[in-house]
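**Student:** Below: one structure in structure tokens.
The values are calculated or read from the model by the stated rules, or taken from the named source; none is laboratory data. Just so it is clear, the model here is predicted, and its values are computed rather than measured. Counting neighbours? That spans all protein chains shown, and the Cβs are built from the backbone with ideal geometry, glycine included. With ligands, DNA and RNA removed, areas are computed over all heavy atoms of the protein, side chains included. Shrake-Rupley method; radii C 1.70, N 1.55, O 1.52, S 1.80 Å.
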Amino acid sequence: MSSLDIPPDDAFLTEVRAFLACPTNQMEAWLANHPHLVSRACISAIKHEVDNLKLSDPVGRAYAERAMLIASALPDDPLALPLALWTKGNAEMYLAQQAAIESYEQALPGYRTAGDPLDYARILSNLLFLFADSGYFDQGEAAYQEARPLILAAGENAARYDLFLEMNYAWLLHCRGDYLKALELHDRNTQLAEQLEDEISAYESRVNQALTLGMLGRLDEGLAILLQQHQAAQQHGEHLTVARIEMDLGMLLTRLGQPGAALRHFSAARQHFHSLDENHQEIGSVLLYEAELLAVLGAQREARRSYTQAHLRLKEHGLDPYAVEASIGQAVANRLSGGPREYQQAARLLDDAEKCCQQHGYVWGTMQIHLERVELSLAQQDSSAAFSWLQKPLTLVESHDLQARWQILRADAHALHYTRTGDIQQQSAAQQNYQQVLTYAQSHHQRWLERRALAGLGKLVYPDHPAVARHYFTQVMEHDDLTRRTLTVEELKASFQHQVSEVPLLLVELLADQQQAAQALTTMWRTKGAALLDLFHRQDEDNTSRIPLDVQTELSRVRQQLAARRWQIARESTGVENEQRHQREIHDATLQALEKRWFELRCQRTQYWSDHDQHLLHTPADLLSQMDADLLIEYLHCGRVVVAVCADRSGQCRVVRLPGTSRLHRILSQLNLKFTSVVVNGAPPEKRLQHHDEWIAECLPLLERCYHLLLEPLELPPDGARLLISPHDYLHLFPFAAFWDGRQYMVERYDIEMILSGALLAAPPPP
């Protein structure tokens, strides 16, 4: 054991602590009254105090500065300054890695010439960890090769230092991708930690083993180890280890398509870190992972809250690369939320992030901010501002994907300007850019870009060439169907309601204009019900007896490989460069091949579900013949108008465009006000009876207007028929059964039943 690990005696330590606690302006007087504290022994005691602090406690920095002050008063002691620098490196290790590296490197020469070789090796071991974490793999390898013989020469007394060195080296192997070697070393380190009865190191080694298994695609094994170590760490009160395991579980479950469980683990990790006030970088990372997942699931308000918390903490503690990432993510979430207030907040966030990027030279972050400014201008319908940003040169011109994204934004700007001005040249420029992006995306299997280009082309030609627009919109919906079928049950539950974009709404409106009633109905079903049907059938995924074993095996294998590859990319991306992960996922050939194979297998498996009637969504007559109603009324709110399709059991369909939605909103507001007044003022019952006729007289005109707007244009069947009504969006708030035709309520004329979508006629029967 190094002499530096022997605690100072209590009396001396008490004096040192008093010195550390005294105000800065009293330090010189304190040392003048306690001259024996100006010694290497005092610096050693300060190091002891720093090492006993929490890993990211900023108090350690203040302590280290006092150690440096004492060292400056000991110019003749060859180890005073190196020891103070060692102390400073330990204090900075989890707060500012580069600063810690510099401190350790400055400490090394003194220990190389005058210090204990074991202490010299220990500093190298600390450097090894930082080199591994920072990606300086050659320097880390050199540090290991230099430290290893020095620790071995110290014999059994240095067994614990040997364990720390080997754990750091295993982490280096993991970080540089030597996963099999790292896995072998993790096993040895776990055994050595158990022999030394070092439970904390044993936990850390097993957790690292789980992370490495994840990188090898053995996610189930890694998950099992993490869960086991989580339980063991909880039992032994190792709260920091528990917090880190919770964070890793969240990341792993995100890649496995279990967002609900992932969010629970991120929340638990955040709570543990906050209670410990440990490692601000890790707290910020948890908040970023949580915010990113929430944003993907469409929960933009919750994502903004997590991004805000992450930014405040990261900025406060000087972790600028992570703070920039949080600012950009928060700006995107604000833009997607929409509204003038959110747009203004997004612009302010981008301004702050750009200043930080320019200060530190974050080229990639600056480029992402630039792109987001264009997106924000387009969201605000400001084509002039978008063109202004688009005129600035691309910084990373070697990125073909970045150029394609730039080009799609240029196409959107031209399309917006054409919509505003009717300038044919703008339409031509937009079409040319969309087409070039589409060609690039199809040749490079980039579905997101392909979908965006197809949607842009469809909206561009929609007013003048509806048949061409219909072709593009149909392809977009096929893309969406294919993407949705890759989601897990949890992902469907979390996000299927957010999957409807403006494209199917435009397609339904187009089909209504063309009086293509049957096609409009099938598009409505796919828009409102396809995801819910998928969810019903995915719930039955455990019953796999109908699926051939080879298909099940291949599905499981590809799913594991797909999740593992995404896990690898996520683990290999940190800080502001984390934004590059999305670009890496897009360009990664392995990921593209796995995703393609996954789509094929999902479609293949669907064929074995005998009760999966998705195909009926394309053949409405077959499905309508099964309904227990005389007429289905399917509504879809398309933004500007409401489209309704009426269909009977024989398959006969009729499509109707209903009046503008602003009138419906006004009537609904008035109706809600009247109903609320009745509920609030209708107690006691005697009062309700007293004002009954008066209140009915107030409500009937509104209920009659509802009838004239939503039901009368549909040419309803004779009284006594059975109606199956499927509202959409805010139309669910209308009381269809209470509509008044001037003589009767609808409930007096018809048997009325409500359904989320007629597509659910294809749902499997309940058990």
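**Student:** Residue by residue through the stretch 640-645, what is 3J(HN,Hα) from phi via Karplus (6.51 cos²θ - 1.76 cosθ + 1.60, θ = phi - 60°)? Round to whole Hz and write x for glycine and proline.
**Tutor:** 7, 9, 10, 9, 10, 10
**Student:** Under 21 Å between alpha carbons, and skipping anything fewer than 8 positions from Lys674 in its own chain: which lysines qualify?
**Tutor:** By straight Cα distance, Lys674 reaches Lys687.
**Student:** Within the P(r) computed for the stretch 19-103, what percentage of the Cα pairs occupies the region above 18 Å?
**Tutor:** Cα-Cα pairs in the stretch 19-103 separated by more than 18 Å: 38 percent.
**Student:** Could you work out [θ]222 nm for the chain from helices alone, using -39500 (n - 2.57) per DSSP H run of at least four and dividing by all its residues? Round to the nearest 500 deg cm²/dmol.
**Tutor:** Theoretical 222 nm ellipticity from helices: -23000 deg cm²/dmol.
**Student:** Among the lysines, select those whose C-alpha is under 26 Å from the C-alpha of Lys315, and discard any that sit fewer than 8 residues away in the same chain.
**Tutor:** Reachable lysines: Lys54, Lys88, Lys355.
**Student:** With the cut-off at 34 Å, report for the chain the share of all Cα pairs above it, as a whole percent.
**Tutor:** Here the tail beyond 34 Å accounts for 61 percent of pairs.
**Student:** For His465 and Glu197 in one chain, what is 0.36 nm times their gap in residues minus the Cα-Cα distance, to one decimal in nm?
**Tutor:** Working it through step by step, the gained length comes to 88.9 nm.
**Student:** Round to the nearest 10 and give me the degree value, 0 to 90, for the angle of helix 80-92's Cα axis relative to the longest principal axis of the chain.
**Tutor:** Between helix and principal axis, roughly 10 degrees.
**Student:** Further, regarding this structure: Can you bin every Cα-Cα distance in the stretch 180-264 into 10 Å intervals starting at zero and give me the percent of pairs per bin, rounded to whole numbers?
**Tutor:** Result, from short to long distances: 19, 50, 27, 4 percent.
**Student:** Now for a separate question. Report the local net charge at Leu709: Lys and Arg +1, Asp and Glu -1, summed over other residues whose C-beta lies under 13 Å from its C-beta.
**Tutor:** Within the 13 Å Cβ shell, the charges total +1.
**Student:** For the stretch 33-175, report the % of Cα-Cα distances exceeding 20 Å.
**Tutor:** Percent of Cα pairs beyond 20 Å in the stretch 33-175: 47.
**Student:** Then there is this: With θ taken as phi - 60° and the coefficients 6.51, -1.76 and 1.60, list the Karplus ³J(HN,Hα) couplings across the stretch 731-738 in order, rounded to whole Hz; mark glycine and proline as x.
**Tutor:** Per-residue couplings from phi come out as 5, 4, 7, 7, x, 4, 5, 9 Hz.
**Student:** If you add up the charges near His637, with Lys and Arg at +1 and Asp and Glu at -1, over every other residue whose beta carbon is less than 11 angstrom from its beta carbon, what do you get?
**Tutor:** 0
**Student:** Right, something else. What does the extension gain come out to for Thr439 and Asn25, with contour length at 0.36 nm per residue minus their alpha carbon separation?
**Tutor:** 142.2 nm
**Student:** Using Cα centres only, tell me the gap between the stretch 174-237 and the stretch 638-713 in whole Å.
**Tutor:** After rounding, the separation between the Cα centres reads 62 Å.
**Student:** Right, something else. Note down the nm distance, to one decimal, between modelled labels 7 Å out along Cα→Cβ at Arg301 and at His708.
**Tutor:** 3.6 nm
**Student:** Please give me the summed charge of the neighbours of Thr661: other residues whose Cβ is under 13 Å from its Cβ, Lys and Arg +1, Asp and Glu -1.
**Tutor:** Local charge sum for Thr661: +2.
**Student:** Percent antiparallel among DSSP beta bridges with both residues in the chain, to the nearest 5?
**Tutor:** 65 percent
**Student:** Now for a different question. Could you please state, rounded to a whole Å, how far the C-alpha centre of the stretch 344-380 is from the C-alpha centre of the stretch 67-94?
**Tutor:** Each part's Cα centre sits 41 Å from the other's.
**Student:** Quick one: which residues, 5+ away or cross-chain, put their amide H under 5 Å from the amide H of Cys638? H built at 1.01 Å from N.
**Tutor:** Placed amide hydrogens put Val643 under 5 Å from Cys638.
**Student:** If you don't mind, there's one more thing I want to ask. Could you state the angle between the C-alpha long axis of helix 400-421 and the longest principal axis of the C-alpha atoms of the chain, as a value from 0 to 90 degrees rounded to the nearest 10?
**Tutor:** Helix 400-421 sits roughly 40 degrees off the main axis of the chain.
**Student:** Amide H of Ile725 versus every other amide H placed in the peptide plane: which residues, excluding those fewer than 5 positions away on the same chain, fall under 5 Å?
**Tutor:** Under 5 Å from the amide H of Ile725 lie the amide H atoms of Ile633, Glu753, Met754, Ile755, each far enough along the sequence or on another chain.
**Student:** Under a 1.4 angstrom probe, counting protein chains only, how are Thr590, Thr308 ranked by accessible area, largest first?
**Tutor:** Reading off the accessible areas and sorting them downward yields Thr590, Thr308.
**Student:** Just subtract the alpha-carbon distance of His692 and Arg341 from 0.36 nm times their residue separation and send over the number in nm, one decimal.
**Tutor:** 122.0 nm
**Student:** Could you work out what % of the accessible surface of the chain is carbon and sulfur, using a 1.4 angstrom probe and leaving DNA, RNA and ligands out of the count?
**Tutor:** C and S fraction of accessible area: 51 percent.
**Student:** Using only Cα atoms and rounding to the nearest 10 degrees, what angle (0 to 90) does helix 363-379 make with the longest principal axis of the chain?
**Tutor:** For 363-379 against the chain, the angle is about 20 degrees.
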